[in-house]
């Protein structure tokens, strides 16, 4: 990313830079679009790395005031691509689990430490880690088509993205555990009442309405917003990093457990049996 | 409790083990029913001890996946049995207050540290400590007949069950203090909006609906749920223990105050005058 | 303030003591009315000092059980009087910013440490610091005419009154940032759903309804309420003081920034151009 201030930031750039993302910079807005629509924007190992690069670029480019994230096609994001669990060498499973844990910890950290306002534009269903990290965004607008689902226990896993700490803060344990422990899928309206999102917007005006809001935000005094965001985050930053580390440590254990392997195998069999 | 894994856990056990509780183990569910219906399930010193024993048994029995708590008869629980305050030797009041504080701290700790999902099934009105510890449960379903009331200041007392910390987190200080300071009784619907409970269920289908949910939960991968619960709790565990200790310290002082004695005496006089 | 217990506390006192406030003590209630109705009760440097004095008096007077704060005229409070930013000697701006930061930190601390129930009676629109410190009150009743607005970034500034920490706790980051970063003005109903206030009351019965509630509260056992309030606050007290200090440090920097000066100059020009 360019570190020089730019008075002319209207040109689009970088859309060819990534294979799994579309990105652009326009009028102070760094837009990220998850771009694997045929796979419901499931996050591959490559997409984790590209998202971290894009966030780094948005943080460092002085022409960027705010960043947005949305999905291409009908889905926002179907979460971790479970094919990441395929082709696992049984002799090497511990190393693969540890490496995956390190990747996830770096990924979530890049959201914890993003220094400018980060706006989620949830255009459709959201699953897993794409839901949990929303708790680290500064505003989230969701289409009324959006749903939110974190099926950790169905897959023999455990919460990530700081959701084990942030979700109970947002909605209380009694409601957070429906998501974190008991696999409940909630609507956009429920996500609003549970303080996960800022507002529900009818799908037919979603792009138009959110574009207007984002344009308004990008014209506010940028230093004031950035200092304010850092101030708000600083009160929680160390706690969030500790939670992230602990969540990844538990997940690395889960991924090596028989219970988790059975649950994921079961998932693939159900998928196949639908064909 | 048996520590051996049991593949056949459908037999019921222990219902004769306690005088103030009914307990059973079926299909991975440890069910606790407060069983003093003629006294609105008020908690005597014996019931405090028996509840701790039952929670310990549920934690240690490897056939148990989740635990539930409900009340026998019309009430869920009318709170601390105020007859616990009767027959107090005026020369011995300090020791009795200290002992009661130690009992309460142990009792609340047994909820903080319970390692498996704990589900509240609030079948009717709930009062005092039976309300405050709900903030330490993992899910709470309430009949639309349920009400929630913590009349601390009416009785010259102060918050317990970690409610001084948990209730403001759930609903903000402006609403929590209606309960903690100003004796407001809230409906099940209000308890839902204030994030104290997971869902309100019509009374005529309460047992049927909650049984189905509990059965679903008990079939989820048990290690995944248990690891997830411990992860969620660990982020707050030490804070909760500190809050519990401090709440009990303040209460021990309150119990020895003239203000509290007058309030409780007043309570018994009102009760008597109704006869 | 008198430190002696008073059995006859019905006399009114102190209404002549302050130039910017009306105060009175009646039946255990210390009432504070912001009294610059022609200036929408904007807070001058003198009013900051007088509010701290009044809170100190209410804390120390043993006849006082609870304190209330409301506004005179149509507004509750329009926030910091921006004329506090006028007549700034350009050679002396750093010292003036540092002094203003110290004043603000003392002011917010007096709310953090107020030892008795403090009730906000928001009779009309509330802006800026008068909104943020509401998060430190114990109950807040608002007229349905009230609105809540903290235009920090519009004025090139950053959050104060512990709102950078308290508002995300009350309503989650996704909704808090609408206020803290993006200048959204919310209605009383929205403030209720976001847990900032206890209840919305129709304007035509606001004084009558809130007087009855306050009178009820003031008759509850005072030590029980005071011990309970201190217990609730102690769990957060040190965190709140740290947040207050950090917020003021950031604001002192903001006040010396070109971005903030431009934003405030712009505000005065818009005001003038409306004449």
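State which residue is surrounded by the fewest Cβ atoms within 10 Å (Cβ to Cβ) when the search covers only region C:201-226 and only residues that are assigned to a loop (DSSP other than H, G, I, E, B) and facing chain B (nearest Cβ under 9 Å). Full working, then the answer.
In the first step, residues of region C:201-226 are kept if they are assigned to a loop (DSSP other than H, G, I, E, B); the result is C:202, C:219-221.
From what is left, the residues that are facing chain B (nearest Cβ under 9 Å) are C:220-221.
Numbers: C:220: 20, C:221: 22.
Filtering first and then ranking leaves C:220.
For region A:227-248, the count of residues that are over 24 Å from residue B:224 (Cβ atoms), within 14 Å of chain C (Cβ to nearest Cβ) and not in a helix (DSSP H, G or I) is nonzero.
Only a single criterion out of (1) surrounded by fewer than 24 Cβ atoms within 10 Å (Cβ to Cβ); (2) more than 14 Å from every other protein chain (Cβ to nearest Cβ); (3) modelled with pLDDT of 95 or more is not satisfied by residue B:116, namely (2).
Any residue at all in region C:172-185 that's touching a residue at least 60 places away in the same chain (Cβ under 8 Å) and within 21 Å of residue B:176 (Cβ to Cβ)? No, the conditions are met nowhere in region C:172-185.
Considering (1) over 25 Å from residue A:54 (Cβ atoms); (2) touching a strand residue (DSSP E or B) at 6+ places or on another chain (Cβ under 9 Å); (3) in a loop (DSSP other than H, G, I, E, B), the lone condition that residue A:186 does not fulfil carries the number (3).
If the condition is being surrounded by fewer than 19 Cβ atoms within 10 Å (Cβ to Cβ) and within 22 Å of residue B:164 (Cα to Cα), then region C:227-275 contributes C:230, C:234, C:237, C:238, C:239, C:241, C:242.
Please enumerate the residues belonging to region C:157-175 that are in a helix (DSSP H, G or I) and either within 8 Å of another protein chain (Cβ to nearest Cβ) or out of contact with any helix residue (DSSP H, G or I) (no Cβ under 9 Å at 6 or more places or on another chain) (or both).
Start the filter on region C:157-175 by keeping residues that are in a helix (DSSP H, G or I), which leaves C:163-171, C:173-175.
If the condition is that a residue be in a helix (DSSP H, G or I) and either within 8 Å of another protein chain (Cβ to nearest Cβ) or out of contact with any helix residue (DSSP H, G or I) (no Cβ under 9 Å at 6 or more places or on another chain) (or both), then C:164, C:165, C:168, C:169, C:170, C:171, C:173, C:174, C:175 are the ones that fit.
So which of A:199, A:270, A:256 ends up being in contact with a helix residue (DSSP H, G or I) (Cβ under 9 Å, 6 or more places away or on another chain) and modelled with pLDDT under 95? Before the answer, list the steps.
Working: A:199 fails: modelled with pLDDT under 95; A:270 fails: in contact with a helix residue (DSSP H, G or I) (Cβ under 9 Å, 6 or more places away or on another chain).
It is A:256.
Every test in (1) under 19 Å from the mean Cα position of the chain (by Cα); (2) assigned to a helix (DSSP H, G or I) is passed by residue C:195 save one, and that test is (2).
Quickly run through region A:117-138 and pick out the residues that are assigned to a strand (DSSP E or B) and under 14 Å from residue A:185 (Cα atoms). Before the answer, list the steps.
Let us first name the residues in region A:117-138 that are assigned to a strand (DSSP E or B), namely A:118-122, A:126-127.
Selection gives A:126, A:127.
Of the residues in region A:139-156, none is in a helix (DSSP H, G or I), more than 7 Å from every other protein chain (Cβ to nearest Cβ), within 28 Å of residue A:38 (Cα to Cα) and modelled with pLDDT of 95 or more. On the basis of being at the interface with another protein chain (Cβ under 7 Å from one of its Cβ atoms), touching a strand residue (DSSP E or B) at 6+ places or on another chain (Cβ under 7 Å) and either over 16 Å from residue A:231 (Cβ atoms) or surrounded by fewer than 22 Cβ atoms within 10 Å (Cβ to Cβ) (or both), does residue C:197 make the cut? When the stated conditions are applied, residue C:197 passes them.
Suppose we filter region A:97-113 for residues that are away from chain C (no Cβ under 14 Å) and touching a residue at least 60 places away in the same chain (Cβ under 8 Å); how many remain? Please lay out each step first, then the result.
Pass one, region A:97-113, residues away from chain C (no Cβ under 14 Å): A:97-110, A:113.
Narrowing further to those that are touching a residue at least 60 places away in the same chain (Cβ under 8 Å): A:97-98, A:100-102, A:104-105, A:108-109, A:113.
Number satisfying all stated conditions: 10.
The values are calculated or read from the model by the stated rules, or taken from the named source; none is laboratory data. Since the model is a prediction, treat every value here as computed from it, not as a measurement. Using ideal geometry, Cβ is built from the backbone for each residue, glycine included, and neighbour counts are taken over all protein chains shown.
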